[in-house]
Ligand SMILES: C[S@@+](CC[C@H](N)C(=O)[O-])C[C@H]1O[C@@H](n2cnc3c(N)ncnc32)[C@H](O)[C@@H]1O
């Protein structure tokens, strides 16, 4: 079993780069137009253990510097996924995506989706409604961008539904590979009983990042997370034959990231399966158990793909043309 090549500075031959320090210092090491996807959940300036609460304009200026560098290292056909919640000051809610959108726009990026990530658990508010979603802004650098929709289709609600009249009468009306997942994603957040929970206070779930990796990059591509925390982005990237790089200020969080990667090398890392439905207490039998995954280098991942029995058929099969309502 091959070991992952994990380096502490940018190295084009690495599987994973984990830089300990300020992300701006790290980004200076990365050449222009290197990464296919930047995906991150930056500090929200809400006083988490890893952040010093800043005046809002100072916070926005810091974010601008990181976003500007992220755009520089992004390939022309690449994407950015910036996942944020709200900044709350004396009971007033300020949505960070609204605050940060003008920065991306001023740098020439185009918003493709404002994805709502919704989840069932969180703090219970007393003087307003409890917050149960955050936002993921998906921007592209250009108009000619990677978008593998087929890789992230989800099961149709009625897979056998057919046209009942007209020239297509009798044919399946939905896309045979499943439907577009839409821009509202219901994915459990990483709370105490989540299988992926570590000591990091603000992890995002692997499956949130997996969708972006699959849709917005190709195997072998680089995925960058400037605020990589416990290494979730690296896990999602490696699971699908991509490479990952990221920076983290707090050494203990990088220890967690390295430990997760080590468990992955041994095939002992537990993640919540992407295809697992949200737990429904009325139908617990529908729930899939967590799975243990093995993380491998891009070369090993490619070799494994060619050994899958369906590989030849899947690559030769022409993707069905989209149904007319898809744009
Ligand atoms: C919201 S958390 C990201 C968690 C990550 N998505 C995960 O799943 O573990 C933000 C992280 O950014 C780190 N951080 C804050 N400022 C930083 C900086 N200037 N450079 C690098 N990391 C920073 C924090 O220590 C924290 O771990």
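The values are calculated or read from the model by the stated rules, or taken from the named source; none is laboratory data. Values in this document were obtained by computation on a predicted structure and should not be read as measured data. FYI the Cβ positions are ideal-geometry reconstructions off the backbone, even for glycines, and counts take in every protein chain you see.
Sub-6 Å Cβ pairs linking a first residue in the range 189-200 that is within 18 Å of residue 292 (Cβ to Cβ) to a second residue that is assigned to a loop (DSSP other than H, G, I, E, B) and more than 10 Å from the ligand (Cβ to nearest atom), at least 6 apart or interchain, are 190/197; 195/272; 195/290, ordered by first then second residue. Name the residue, out of 168, 191, 127, that is surrounded by 13 or more Cβ atoms within 10 Å (Cβ to Cβ) and in a loop (DSSP other than H, G, I, E, B). None of the others qualify; the one that does is 168.
Can you confirm whether residue 108 is touching a residue at least 24 places away in the same chain (Cβ under 8 Å), out of contact with any helix residue (DSSP H, G or I) (no Cβ under 6 Å at 6 or more places or on another chain) and over 22 Å from residue 182 (Cα atoms)? When the stated conditions are applied, residue 108 passes them.
Suppose the filter is under 30 Å from residue 132 (Cα atoms), surrounded by 15 or more Cβ atoms within 10 Å (Cβ to Cβ) and within 12 Å of the ligand (Cβ to nearest atom); does residue 85 pass it? So that I can check it myself, show each step before the final result.
Numbers: under 30 Å from residue 132 (Cα atoms): yes; surrounded by 15 or more Cβ atoms within 10 Å (Cβ to Cβ): yes; within 12 Å of the ligand (Cβ to nearest atom): yes.
Here the answer is yes, as residue 85 does meet what is asked.
Restricting attention to the range 137-165, report how many residues are modelled with pLDDT under 90 and surrounded by 14 or more Cβ atoms within 10 Å (Cβ to Cβ). Qualifying residue count for the region: 1. Reported count of residues in the range 222-234, each being away from the ligand (no atom under 12 Å from the Cβ) and in a helix (DSSP H, G or I), is 0. Within the range 1-28, if we keep just the residues that are closer than 20 Å to residue 74 by Cβ and free of Cβ contacts under 8 Å to residues at least 40 places away in the same chain, the residue that is surrounded by the most Cβ atoms within 10 Å (Cβ to Cβ) turns out to be 11.
Only one of 270, 262 is part of a helix (DSSP H, G or I) and more than 10 Å from the ligand (Cβ to nearest atom); which? Break it down into steps so the answer makes sense when it comes.
On the way: 270 fails: part of a helix (DSSP H, G or I).
Of the residues listed, the single one that is part of a helix (DSSP H, G or I) and more than 10 Å from the ligand (Cβ to nearest atom) is 262.
The condition (being under 21 Å from residue 294 (Cβ atoms) and under 14 Å from the mean Cα position of the chain (by Cα)) is satisfied by just one residue among 238, 224, 212, 216: 238.
Residue 32 meets all of the listed conditions (1) within 14 Å of the ligand (Cβ to nearest atom); (2) exposed (fewer than 13 other Cβ atoms within 10 Å of the Cβ) but one, namely (1).
Can you find a residue in the range 4-16 that is within 13 Å of the ligand (Cβ to nearest atom) and at negative phi?
Just the residues of the range 4-16 that are within 13 Å of the ligand (Cβ to nearest atom), to begin with: none.
Scanning the range 4-16 turns up no residue that is within 13 Å of the ligand (Cβ to nearest atom) and at negative phi.
When 194, 200, 124 are checked against the criterion of being more than 19 Å from residue 214 (Cβ to Cβ) and touching a helix residue (DSSP H, G or I) at 6+ places or on another chain (Cβ under 7 Å), a single residue qualifies: 200.
One residue alone among 102, 95, 42 is surrounded by 14 or more Cβ atoms within 10 Å (Cβ to Cβ) and free of Cβ contacts under 8 Å to residues at least 60 places away in the same chain, and that residue is 95. Taking the numbered list (1) out of contact with any strand residue (DSSP E or B) (no Cβ under 7 Å at 6 or more places or on another chain); (2) modelled with pLDDT of 95 or more; (3) buried (at least 20 other Cβ atoms within 10 Å of the Cβ) in turn, residue 238 passes all entries but (1). Residues in the range 130-146 that are assigned to a loop (DSSP other than H, G, I, E, B) and in contact with a strand residue (DSSP E or B) (Cβ under 8 Å, 6 or more places away or on another chain): 131, 132, 141, 142, 143, 144, 145, 146.
Evaluated against (1) touching a helix residue (DSSP H, G or I) at 6+ places or on another chain (Cβ under 8 Å); (2) loosely packed, with under 13 Cβ neighbours inside 10 Å, residue 60 falls short on exactly one condition, (2).
Scanning the range 173-221 for residues that are farther than 22 Å from residue 253 by Cβ and within 16 Å of the ligand (Cβ to nearest atom) yields 185, 211.
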